[in-house]
Every structure is written in structure tokens, then in C-alpha cells.
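*Asks:* Right, I'll just put the structure down here and ask away after.
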Amino acid sequence: MASQPPGLLDDKRLYRAPALEKGLDILELLAAEDHPLTMSAIVTRLGRSTGELFRMIQVLEHRGYVAQGPDGYVMTPRLFHIGLKRPPVRSLMEQALPEMRLLADRIGQSCYLAIPSGAASSVIARTEANTTVGFSVRVGYRRPIHETPSGQVLYAFQTQQTRREWDGLFDPPLSDQARNDLIATADMLRGQGFARTDSAEMPGMVELAVPIIRGDRAVAVLTVPFIRIIDAAVDVDQALAELRATATRISEQLIGNDARI
């Protein structure tokens, strides 16, 4: 059976909507998968019959939330784009995108903006550098917060209560050692105010990540995947300084516009 959202385990709701719940189960299942799932796989994973889920999937496909390919069903970006229309997220992007474009032009490197999404970080905007060589992260890219510098920065600049809430959302749960490692890394990042990490996946790339702060927490993180190239416009230290200045300006604009997220 698919795991139920917190608060529903005791099933003390006054009202139930079985059809809606089945549709949400399907969306949550597909959202957590990196590969397409066949109908039989969905049925097996959710512990329901084909008859129960067939009509639900047909409706979700008709409304554009899921799509069927040769290997099975996948979730489309439709739900993600609906989330981007929320006023706080839209306001964040309105403030951040002009600054991101200026940053990319100044340093000759791409940058992207990510926000918390459960126990993960999700990329909601990116800006490409006007160079022949660069690195880009697609909008909608999502990774558990403990696996990337940008996610670790998001975790670092949260209240203890929010950290505990996120800890309960990891699926699978973190081991005690992994959680202790995450806390230690987060506390270090909070102390220095940024992340600067050699990429484990791409030799020659340094991930620079700085929080966008509102109040006492990070509402987003701005990241530069810095590519070391011979004719780079700036070096890593200069890129980090420009990134931190940009993040500060965006944070100040959010406060000035009271854009809560």
C-alpha cells in the first residue's frame, strides 16, 4: 500500500472521497518514481484492483496530469506548473529572475532557483549563461534535500521545528548516522552562510549555493553550477561573491514586498 500522508493514519476524518483519494494515490506514486510505471505496476504498488484504478488513470490522463508512453505512465509537469501560479511562488520568481539574468551575464555561468518540496528541493527557475560552454538544470528537477548542496542549504536555514518536520518526510527514512551527518553539514553551512562543494557527479564543476532568506528561514536557494573553463569570465571566488550579493538583493526585495512563501 502507498504510504498515507501524516494526519490521515488514524483516519478520523468526518468525510471521505474515495475516488479523489485514489487519484491522489496515483499522482503521489508517479511523482516519487524516476521511471514510467505500467498499469499492472501501479495496481500492485497501490494494492488495489485494476477496476478501481483504470477510470482514475483515464481521467488523470484526460486532464493532463499523467501521460502514457511505450513503457507506462508518467506524471506530467501540469501539477508543477499549477503550483508555480501560487502568489508567493510567483512573487519570488518575479523578484529573482531579473537578478538571476544579471548574475548569469556578470559571471558567465548559469544559475537556478530551488524551493523546498517536502523533504526535497525542486527547481522552479533557471537562467542560462551566454557562453559556448555551460551546465543547466531543468525546471522541475527534484532531489532529496540531503543529497545536494542546494538542498542542504535549504535545510540549514530552517527552524528546528521545520527540520524535525522534514526529517519525518524522508522516504525511506534516514538512518541515525545519515541524519546526524545532515545536521552536522547543515550547521556548518549555516555558520558560513553558503555551500561551496566540488561536484561528485561532474569533475571540474563546483556547486555554489546561497539561501534566499525571509525572516528566520530560507524560502529558496540560488545555485551556480560553476564550470571551470580556461576563458572563464570570473574565478570561483568572484562567482561566489556575486552570487551572495545577488541572493542578498533578492532577500531584501522579498522583505520589501512582503512576499511570503
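The values are calculated or read from the model by the stated rules, or taken from the named source; none is laboratory data. What you see is a predicted model; the values in this text were computed from it and never measured. Virtual Cβ from ideal backbone geometry, glycine too; neighbours counted across all protein chains shown. For the accessible areas, the whole protein counts, side chains as well, though only heavy atoms, and no ligand, DNA or RNA atoms are used. Shrake-Rupley method; radii C 1.70, N 1.55, O 1.52, S 1.80 Å.
*Asks:* Using only the alpha carbon atoms of the stretch 128-233, find the Kirkwood hydrodynamic radius as the inverse mean reciprocal pair distance, in angstroms to one decimal.
*Replies:* After inverting the mean inverse Cα-Cα distance, the result is 14.9 Å.
*Asks:* Among ILE57, ILE250, ILE115, determine the one that fluctuates most according to a GNM of the chain built with springs between C-alpha atoms less than 10 Å apart.
*Replies:* With Cα springs under 10 Å in the chain, the top fluctuation among ILE57, ILE250, ILE115 is at ILE57.
*Asks:* Determine, from the Cβ-Cβ distance of ILE183 and THR38 and an R0 of 35 Å, the FRET efficiency 1/(1 + (r/R0)^6), rounded to the nearest 0.05.
*Replies:* 0.35
*Asks:* Sorted by accessible area (1.4 Å probe), largest first, how do ILE213, ILE82 line up?
*Replies:* Ranked list, largest accessible area first: ILE82, ILE213.
*Asks:* Could you provide, to the nearest whole Å², the per residue accessible area of the chain with probe 1.4 Å?
*Replies:* 55
*Asks:* Out of (1) 1.23; (2) 0.93; (3) 1.11, which label holds the value of Cα Rg over 2.2 N^0.38 Å that was computed here?
*Replies:* (3)
*Asks:* Of the heavy-atom accessible surface of the chain (probe 1.4 angstrom), what whole percent is carbon and sulfur?
*Replies:* Carbon with sulfur: 53 percent of the solvent-accessible area.
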